[in-house]
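The values are calculated or read from the model by the stated rules, or taken from the named source; none is laboratory data. Note that the structure is predicted; figures quoted are calculated from it, not measured. So basically every Cβ, Gly included, is an ideal-geometry build from the backbone, and we count neighbours across all protein chains shown.
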Amino acid sequence: ELSPGQLALLKHIVDSYDKHRIPQDMTKRLLQDQYSTEENFLLLTEMATSHVQVLVEFTKNIPGFQALDHEDQIALLKGSAVEAMFLRSAQMFTRKLPHGHPDVLEERIRKSGISEEFITPMFNFYKSIGELQMVQEEHALLTAIAILSPDRPYVKDQEAVEHLQEPVLEILDKFCKLHHPEDPQHFARLLGRLTELRTLNHHHSEMLLSWRVN
Amino acid sequence: PASNLGLEDIIRKALMGNFED
């Protein structure tokens, strides 16, 4: 079972994850009208910016984060922003959206000018997240774990970051054992998604470049 | 506008709380 301290940390992280989302009026705009490729680009850029702001607010609320070296905080956020964004959008795609909405969203992304070679792995990732049928707690914890990765470039005090990441990993491990007794590999599968995210992150700068060229 | 800022600028501003204002 989760200890009282672990339960409190879990609740804190999940509450913060729930609280900090992209504003609804922005997500609603995704589903409205037809946009030109240029408008699509601007809207997705605006959403990406909003996502980063939301991510930072979520991260500030992770106990201990703000006590880290300031430049290490920036290195962690820079290293994980893209991964956290893919995780959030995967959640959006796998949630039960009103009829037709996922299609509108998918079409908008496909028409954004991003080349097919990057789109396919992205939707494959969304599918692989969908297969895990993750609950909100798992999304929040996995996001926190991705952010608190000590091996990001330019992190000076890796030990301090490890010290924050380890308790979150332990909670996720226990949470998986409690909620997926039928699948002892569930925790390992979740961590496997972090590896997929690293690959997507790696290709992201290439993707942005091709997007701009298009 | 935020869309003209790089990732690091957005992070720095958000850490300082400037976006909330």
If you check every pair at least six apart or on different chains, which have Cβ atoms under 6 Å apart with a residue in the range A:62-83 that is under 24 Å from residue A:171 (Cα atoms) first and a residue that is outside any helix (DSSP H, G or I) second?
A:72/A:155; A:72/A:156; A:72/A:157; A:76/A:152; A:79/A:152
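Look through the range B:1-17, keep the residues that are in contact with a Ser or Thr (Cβ under 7 Å, 6 or more places away or on another chain) and surrounded by 15 or more Cβ atoms within 10 Å (Cβ to Cβ), and return whichever of them is modelled with the lowest pLDDT. Talk me through it step by step, then tell me what you get.
At the first step, the residues of the range B:1-17 found to be in contact with a Ser or Thr (Cβ under 7 Å, 6 or more places away or on another chain) are B:2-3, B:10.
Keeping just the survivors that are surrounded by 15 or more Cβ atoms within 10 Å (Cβ to Cβ) gives B:2, B:10.
On the way: B:2: 43, B:10: 90.
Out of the qualifying residues, it is B:2.
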Go through A:72, A:15, A:103 for me and flag whichever is under 17 Å from residue A:142 (Cβ atoms) and among the acidic types (Asp, Glu).
A:15
(1) within 17 Å of the chain's Cα centre (by Cα); (2) more than 10 Å from every other protein chain (Cβ to nearest Cβ) all hold for residue A:103 apart from (1)
Failed condition for residue A:133, given (1) exposed (fewer than 15 other Cβ atoms within 10 Å of the Cβ); (2) over 22 Å from residue A:20 (Cα atoms), with all others met?
(2)
Can you find even one residue in the range A:149-161 that is touching a residue at least 24 places away in the same chain (Cβ under 8 Å) and surrounded by 20 or more Cβ atoms within 10 Å (Cβ to Cβ)?
yes
With (1) closer than 23 Å to residue A:166 by Cβ; (2) within 12 Å of chain B (Cβ to nearest Cβ) as the list, and residue A:69 as the residue in question, which single condition is left unmet?
(2)
Look at residue A:78 and say whether it is of a type outside the set (Asp, Glu), farther than 26 Å from residue A:199 by Cβ and within 13 Å of another protein chain (Cβ to nearest Cβ).
no
Collect the residues in the range A:110-151 that are at pLDDT 95 or above and in a loop (DSSP other than H, G, I, E, B), keeping them in residue-number order.
A:148, A:149, A:150, A:151
For residue A:64, all conditions in the list (1) more than 14 Å from the chain's Cα centre (by Cα); (2) farther than 28 Å from residue A:160 by Cβ; (3) away from chain B (no Cβ under 14 Å) hold save one; what is the number of the exception?
(2)
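Quickly run through the range A:168-209 and pick out the residues that are touching a Cys at 6+ places or on another chain (Cβ under 6 Å) and in contact (Cβ under 8 Å) with a residue 24 or more places away in the chain.
Result: A:186, single match.
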